[in-house]
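To keep things clear, I will list the structure first and then write my remarks on it.
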Amino acid sequence: MSDTVILSIESSCDETAAAVTLNGRTVLSSVIYSQIDLHTIYGGVVPEIASRAHIEKINPVIRKALEDAGKTLDDLDAVAVTYGPGLVGALLVGVAAAKSIAYAKNIPLVGVHHIKGHVCANFIEYPELEPPFLCLVASGGHTHLVKVVNHTDYEVIGRTRDDAAGEAYDKIARAIGLGYPGGPKVEKCAHNGDPKAFSFPRAKIDEAPYDFSFSGVKSAVLNTINSYKMKGMEIDEKFQADIAASFQQSVIDSMKERVLMALDEFGMNKFAMAGGVASNQTLRAALKEAVEARGGEFYCPKPVLCTDNAAMIGAAGYYEFINGKRDGLDLNAVPGLKL
Ligand code: KG4
Ligand code: ZN
């Protein structure tokens, strides 16, 4: 089969991104414009601001991705775009841009599920990795444990019942005064803390052992902070660090337990991580150790491929494309798109 060059676009949340990939796994260019600075003062992503910033940046980001790859629109075999899940106004910007290019150049349009994109970041990082494998996708909006049956078929075996892992990190960061974006700040703060200082819950759901719940640990952290404040005790750096480390330990423990249980139950040997939370070095190290201790193989993309980017959408888009997926120009953004 001849080479397949795909332009991919990602705009589901607060990154405007475009990439050019070759045969799904080789990244010729990847451009990411992060809107973090625009949202920081509000303590989180403001959807309307995100949509407007995407509109301003989408064309320059696409142009730069093509330039960096040494390609023009005429070199493309297809255009892939995230069409859900995500913020509707944000998604629409990428979808409209992709449709325009597909129409103007008369090339196939491939809508991509954002979570499948996160999983496929592993195919870029590890050219030799092949399904089946187990993957934990933990981001700001999602926490899913999935069986990757083949490049395009995924079976969800567990998901969060309430907050996503990244969302919990962001809320804890706010509660202890670290600000947005919370994940990297909590991780850094936790380095100086004692993970056993506080015992926060590790939620279990009897009828759905692979499902996650992070709202209980969030409430426990908030209660601990409130009771400190009521006793007139100071929220100092040591307290912040102990809260961060103990919170993080409860997240790590609940992930580790489910991952090991799933590898056993489904007789799988390969485990991959994905999503923004997977850029957490402490979490990666803990899961790597646990999986390798039982003789399993551990995979996790480098941090820039864990957080939102368009190269991962190119990888997922490539496998959908060679599997025959084609979308029409009526492709719409689907904010609640299910896996
Ligand atoms: O995958 P992503 O970039 O966007 C979504 O699809 O949601 O994930 C962003 C999330 C945020 O909640 C952020 O706090 C979290 O990933 N995150 C982290 C770390 N870096 C980013 N969480 C924990 N530790 C980190 N180092
Ligand atoms: Zn994401």
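Observations on the model:
- Restricting attention to segment 289-330, the residues that are away from ligand 1 (no atom under 16 Å from the Cβ), in contact (Cβ under 8 Å) with a residue 40 or more places away in the chain and in contact with a helix residue (DSSP H, G or I) (Cβ under 6 Å, 6 or more places away or on another chain) add up to 2.
- Single match in Met268, Met261 (criterion: in contact (Cβ under 8 Å) with a residue 60 or more places away in the chain and open to solvent by 20 Å² or more (accessible area, probe 1.4 Å)): Met268
- When Ala168, Ala197 are checked against the criterion of being modelled with pLDDT of 90 or more, within 16 Å of ligand 2 (Cβ to nearest atom) and under 16 Å from Gln249 (Cα atoms), Ala168 stands alone in meeting it.
- Residue count for segment 155-175 under the criterion of being away from ligand 1 (no atom under 14 Å from the Cβ) and crowded, with 20+ Cβ neighbours inside 10 Å: the result is 1.
- Every residue from segment 177-214 that is more than 15 Å from ligand 1 (Cβ to nearest atom) and open to solvent by 50 Å² or more (accessible area, probe 1.4 Å): Gly177, Asn192, Asp194, Lys196, Ser199, Pro201, Arg202, Lys204, Asp206, Glu207, Pro209
- Tabulated pairs, segment 133-153, first of a type in the set (S, T, N, Q), second within 11 Å of ligand 1 (Cβ to nearest atom), C-beta under 7 angstrom, 6+ apart or interchain: Ser139/His118; Ser139/Ala164; Ser139/Gly166; Ser139/Gly275; Ser139/Gly276; Ser139/Val277; Thr143/Ala164; Thr143/Ala165
- Screening Ala90 on (1) buried (at least 17 other Cβ atoms within 10 Å of the Cβ); (2) closer than 28 Å to Asn280 by Cβ; (3) out of contact with any Ser or Thr (no Cβ under 6 Å at 6 or more places or on another chain) shows it passes everything except condition (3).
Yes/no per residue for (1) within 23 Å of Val81 (Cα to Cα); (2) in contact with a strand residue (DSSP E or B) (Cβ under 8 Å, 6 or more places away or on another chain):
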site	(1), (2)
Asn106	yes, no
Gly140	yes, no
Asn150	yes, no
Thr160	no, yes
Tyr169	no, no
Leu178	no, no
Pro181	no, no
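- Single condition Asp206 does not satisfy, out of (1) out of contact with any Ser or Thr (no Cβ under 9 Å at 6 or more places or on another chain); (2) not in a loop (DSSP other than H, G, I, E, B): (2)
- A single member of Val277, Val221, Val217 is within 16 Å of ligand 2 (Cβ to nearest atom), in contact (Cβ under 8 Å) with a residue 24 or more places away in the chain and either surrounded by fewer than 19 Cβ atoms within 10 Å (Cβ to Cβ) or of a type in the set (Val, Ile, Thr) (or both), and it is Val277.
- So Glu15, is it charged (D, E, K, R) and touching an Asp or Glu at 6+ places or on another chain (Cβ under 7 Å): yes
- Hits in segment 305-339 (condition: hydrophobic (A, V, I, L, M, F, W, C), open to solvent by less than 20 Å² (accessible area, probe 1.4 Å) and under 13 Å from Ser11 (Cα atoms)): Ala310, Ala311, Met312, Ile313, Ala333
- Within the span defined as segment 119-127, every residue fails to be within 20 Å of Ser219 (Cβ to Cβ), open to solvent by 50 Å² or more (accessible area, probe 1.4 Å) and under 17 Å from the mean Cα position of the chain (by Cα).
- Test: residue in segment 130-145 that is open to solvent by 40 Å² or more (accessible area, probe 1.4 Å), in contact with a Phe, Trp or Tyr (Cβ under 7 Å, 6 or more places away or on another chain), part of a loop (DSSP other than H, G, I, E, B) and at pLDDT 95 or above: no
- Segment 8-42, subset over 12 Å from Gly94 (Cβ atoms) and within 12 Å of ligand 1 (Cβ to nearest atom), residue surrounded by the fewest Cβ atoms within 10 Å (Cβ to Cβ): Ile36
The values are calculated or read from the model by the stated rules, or taken from the named source; none is laboratory data. No experiment lies behind these values; they were computed from the predicted model shown. Cβ: placed from backbone, ideal geometry, glycine included. Neighbour counts: every protein chain shown. The area values use the complete protein model at the heavy-atom level, side chains included, leaving out ligands, DNA and RNA. Shrake-Rupley method; radii C 1.70, N 1.55, O 1.52, S 1.80 Å.
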